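Here the structure comes first, spelled out in structure tokens, and everything after it is commentary.
The values are calculated or read from the model by the stated rules, or taken from the named source; none is laboratory data. Keep in mind the model is a prediction, meaning the values are calculated, not measured. When we count neighbours, we look across all protein chains shown, and the Cβ atoms used for this are built from the backbone with ideal geometry, even at glycine. For accessibility, only protein heavy atoms count, side chains too; no ligands or nucleic acids. Shrake-Rupley method; radii C 1.70, N 1.55, O 1.52, S 1.80 Å.
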Amino acid sequence: MTPEQRAARVGESMFAVDVASKDTMGMELLACGPGRATMRMAVKPLHLNGHQICHGGFIFTLADSTFAFACNSHNKNAVAAGCSIEFLRPAHAGDVLTCEGVEQTLSGRHGIYDMKVSNQRGEVVAMFRGKSAQIPGHVFPEEAHE
């Protein structure tokens, strides 16, 4: 199995049971590759806060979900060990947010990943940095010889 095939299978396996991202938030998984992932979410009225802009928690969730796919893409279970986000501009109802996540480094059990959330005009809405820690297990079972 190639790294690309492995990552795609991780994405399919995780997204199929990701109730939070898929069913609750309405996100789409666009791509899952080795050390990277891309997700999309349309901003709906239910995502708006008291200022009638997208609640930061929903933008954070889009970035955090993308981070999860990127850091698990090697088929080694990984969880967030820490993260931070910078909100750079508001998102509004009708905006379509795309988050692209890229592995910056993976050393032993620890990785660092950067997520960029942009709107449909290509304007950067937020930047998120996540630190991952690998835990025992795999997203899907693999043969020992693969």
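Kirkwood Rh, Cα Rg: Rg to Rh for the chain?
0.99
For Ala91, what residues show an amide H to amide H distance below 5 Å, using hydrogens built from the backbone and excluding near sequence neighbours?
HN-HN under 5 Å from Ala91: Cys54.
Could you tell me how many cubic angstrom of Cα convex hull volume the range 74-146 has per residue?
Normalising the Cα hull of the range 74-146 by residue number yields 125 Å³.
Mind listing the long-range amide H neighbours of Met25? Cut-off is under 5 Å, sequence gap 5 or more, other chains count too, H placed in the peptide plane at 1.01 Å from N.
none
Treat every Asp and Glu Cβ in the chain as -1 and every Lys and Arg Cβ as +1, leave all other atoms uncharged, and give the resulting dipole magnitude about the Cα centre to the nearest 20 debye.
That gives the chain a dipole magnitude of about 300 debye.
Per residue, how much accessible area does the chain show when a 1.4 Å probe rolls over the protein heavy atoms, in square angstrom?
52
Leaving out ligands, DNA and RNA, what percent of the accessible area of the range 43-133 is carbon and sulfur, probe 1.4 Å?
Carbon and sulfur together cover 54 percent of it.
How big is the accessible area of Asp64 in square angstrom, nearest 10, if you roll a 1.4 angstrom probe over the protein chains?
Asp64 exposes around 50 Å² with every protein chain in place.
Cross-link partners among lysines for Lys22, C-alpha distance below 20 Å, same-chain residues fewer than 8 apart left out?
Partners within reach: Lys44, Lys116.
For the ranges 98-107, 29-38, what's the packing order if you count other beta-carbon atoms within 10 Å of each residue, average per peptide, and put the highest first?
Most protected by this proxy first, the peptides run 29-38, 98-107.
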